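Student: Structure incoming, see below.
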């Protein structure tokens, strides 16, 4: 008597394939999340550096830093995309303490750039929230 050959896969083989696909999909989703987080951090760093550069140009021409965020936003040659965070929030005034803005950017939901300048306009910093490390990061002026 000849034995019939079965065509197809067993349930165990199918479960193993589904498990492997699930593991690979999970790894892909986690990696994608980290890549997008890194990309947003790079955008924030580049924007904050551009804002600080404009403030330095203003300082070189006028002997003092701009008095507030509005002064930077209104400068010729600065793109409004630079002064707007990845989540769409505008550049904010941060007070007169350059090591920490009064409006500290502290989460993805509260993502904005913060410009702080001392009362005598001799020192400044630009703060932004670093999503990867979870803390506010500051770029200080050359003259600090």
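Taken together, the values in this text are just the output of simple stated rules run on the coordinates, not laboratory data. From a predicted model like this one, the values you see are computed outputs, not experimental measurements. Cβ atoms come from the backbone with ideal geometry, glycine included; neighbour counts cover every protein chain shown.
Student: Let me understand region 1-59 better: what is its radius of gyration from the alpha carbons, and its Dmax, in angstrom?
Tutor: Cα radius of gyration and Dmax of region 1-59 are 26.6, 96 Å respectively.
Student: Now, a different point. Send over the per residue convex hull volume for region 12-140, Cα only, as a whole number of Å³.
Tutor: Each residue corresponds to 99 Å³ of Cα convex hull volume.
Student: Quick one: order 37, 5, 81 by neighbouring beta-carbon count within 10 Å, fewest to most.
Tutor: Lowest to highest Cβ neighbour count: 5, 81, 37.
Student: Using a Gaussian network model of the chain whose springs link C-alpha atoms within less than 10 Å, name the residue from 65, 128, 32 with the highest mean-square fluctuation.
Tutor: Evaluated over the chain, the most mobile residue of the options is 32.
Student: Of the candidates 93, 43, 120, which one comes out as most mobile in a Gaussian network treatment of the chain with C-alpha springs shorter than 10 Å?
Tutor: 120
Student: For the chain, modelled as a GNM with alpha-carbon contacts under 10 angstrom, which of 132, 67, 49 fluctuates the most?
Tutor: Its mean-square fluctuation being the largest, the pick is 132.
Student: Please determine, in degrees from 0 to 90 and to the nearest 10, the orientation of helix 11-62 with respect to the longest principal axis defined by the Cα atoms of the chain, where the helix direction is its Cα long axis.
Tutor: 10
Student: I need 124, 75 ordered by Cβ neighbour count within 10 Å, fewest first.
Tutor: 75, 124
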